[in-house]
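Some notes on the structure that comes next.
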Amino acid sequence: MELNGKIIWITGASSGIGEALAYVCAQEGALLVLSARREDELKRVASNCTTDPKNIFILPLDLEHTETVEEKTDEVIKRFGRIDVLINNSGMGHRTKALSTPTSIDRKVMEVNFFGTINLTKAVGRLMKQQQHGKLVVVSSIMGKYGMPLYSTYSASKHALYGYFESLREELYKDNVKVLIVSPGFINTDISTKLLRDNGSAYGVKSDAQEKGMSPMDCAKGIVKALKGNRNHKYVGKYEIFSVYVKQYLPKLFYRLMRKMTKE
């Protein structure tokens, strides 16, 4: 799949992986729809893209409130006439113990990471089914393969995305609509500083794991390579992605190492 001339809608495009994806896709010659809550940051990202400004459509979107996803999808169609690729990259997290996490935070994380993502996917997926072509991409996490202390609901939301998008892939197979699940490891973004505490405030500290993680640009290049290569699933990261295989084949060792690394 070549991206030149393709209409690619990226959520969470105002920073981190989403911002890097905008730059890489622009370099590939794609026409972009950039969505996130912060319109000013979307404008900054758009101005840094190496493409004609008319090839970029800034479309603010809050996935916690997706009542307007059909309307937003219609806006994209009015602008570009079709949607070739949707990259569901928006997400949020928390850093709280499971039993002390307020239900309001559980619901907020699930609303953005799962329900918001699938609501947008439904709107775009129905359009792609009519088109008889398209690709739906979802950025999950290696924590969608196992849980970690202090990230229970975040991990649950990523587990849920796996089940949903694997099911969706089979349902849309005959309609020539492809599904790619991406599972990043530790990427050097500021997402850990935005993690919610149990009182709703931001954690405000960048984790050592993320500080040493893969750069957002390298992550974006890995995602785009998988997108162009027609992959069903792609792990992106450094050494930490091997933890998935350690858990699968050496579960006792995995849990022993997990408890050692996360010991307070």
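The values are calculated or read from the model by the stated rules, or taken from the named source; none is laboratory data. Quick caveat, the model's predicted, so the values are computed rather than measured. Cβ placement follows ideal geometry from the backbone for every residue including glycine, while neighbour counts extend to all protein chains displayed.
Exactly one residue out of L257, L227, L250 is crowded, with 19+ Cβ neighbours inside 10 Å and among the hydrophobic types (A, V, I, L, M, F, W, C), and it is L227. Does at least one position in the stretch 202-218 carry a residue that is under 23 Å from A13 (Cα atoms) and of a type in the set (F, W, Y)? Yes, some residue in the stretch 202-218 is under 23 Å from A13 (Cα atoms) and of a type in the set (F, W, Y).
Go through G91, G29 for me and flag whichever is surrounded by fewer than 23 Cβ atoms within 10 Å (Cβ to Cβ), among the small types (G, A, S) and in contact (Cβ under 8 Å) with a residue 12 or more places away in the chain. Show your work before the answer.
Values: G91 fails: surrounded by fewer than 23 Cβ atoms within 10 Å (Cβ to Cβ).
Going through G91, G29 in turn, just one is surrounded by fewer than 23 Cβ atoms within 10 Å (Cβ to Cβ), among the small types (G, A, S) and in contact (Cβ under 8 Å) with a residue 12 or more places away in the chain: G29.
Pairing residues of the stretch 5-22 that are within 16 Å of T51 (Cα to Cα) and free of Cβ contacts under 8 Å to residues at least 40 places away in the same chain with residues that are among the polar types (S, T, N, Q) and surrounded by fewer than 24 Cβ atoms within 10 Å (Cβ to Cβ), at Cβ distances under 9 Å and at least 6 apart in sequence or on separate chains, gives A22/N48.
On the given criteria, is G125 exposed (fewer than 15 other Cβ atoms within 10 Å of the Cβ) and either modelled with pLDDT under 95 or under 17 Å from the mean Cα position of the chain (by Cα) (or both)?
Details: exposed (fewer than 15 other Cβ atoms within 10 Å of the Cβ): no; either modelled with pLDDT under 95 or under 17 Å from the mean Cα position of the chain (by Cα) (or both): yes.
So G125 does not fit the description; no.
Scanning the stretch 15-26 for residues that are within 15 Å of M92 (Cβ to Cβ) and surrounded by fewer than 24 Cβ atoms within 10 Å (Cβ to Cβ) gives S15, G16. Checking D218, D190 one by one, the residue that is among the charged types (D, E, K, R), within 19 Å of the chain's Cα centre (by Cα) and surrounded by fewer than 13 Cβ atoms within 10 Å (Cβ to Cβ) is D190 and no other. Does I118 qualify as being buried (at least 22 other Cβ atoms within 10 Å of the Cβ), at negative phi, hydrophobic (A, V, I, L, M, F, W, C) and within 13 Å of the chain's Cα centre (by Cα)? Answer is no for this residue. Can you tell me which residue within the stretch 95-110, out of those that are out of contact with any Gly (no Cβ under 8 Å at 6 or more places or on another chain) and β-branched (V, I, T), is surrounded by the fewest Cβ atoms within 10 Å (Cβ to Cβ)? Only one residue fits best here, namely T103. Restricting the search to the stretch 22-44, which residues are under 15 Å from the mean Cα position of the chain (by Cα) and either modelled with pLDDT under 95 or farther than 15 Å from F57 by Cβ (or both)? The answer is R37, and nothing else.
Can you confirm whether the stretch 138-152 contains a residue that is surrounded by 15 or more Cβ atoms within 10 Å (Cβ to Cβ) and closer than 19 Å to V76 by Cβ? Checking the stretch 138-152: at least one residue is surrounded by 15 or more Cβ atoms within 10 Å (Cβ to Cβ) and closer than 19 Å to V76 by Cβ.
With surrounded by 22 or more Cβ atoms within 10 Å (Cβ to Cβ), at pLDDT 95 or above and of a type in the set (A, V, I, L, M, F, W, C) as the only criterion, which of L168, L61, L172 stands out? Steps first, please.
Details: L168 fails: surrounded by 22 or more Cβ atoms within 10 Å (Cβ to Cβ); L172 fails: surrounded by 22 or more Cβ atoms within 10 Å (Cβ to Cβ).
Result of the check over L168, L61, L172: L61.
So for the stretch 155-178 (the condition being assigned to a strand (DSSP E or B) and of a type outside the set (V, I, T)), does at least one residue qualify? Scanning the stretch 155-178, I find at least one residue that is assigned to a strand (DSSP E or B) and of a type outside the set (V, I, T), so the answer is yes.
In the stretch 55-80, the residues that are under 13 Å from K122 (Cα atoms) form Cβ pairs under 8 Å with partners that are of a type in the set (K, R) and surrounded by fewer than 18 Cβ atoms within 10 Å (Cβ to Cβ), at six or more places apart or across chains, as follows: V69/K122.
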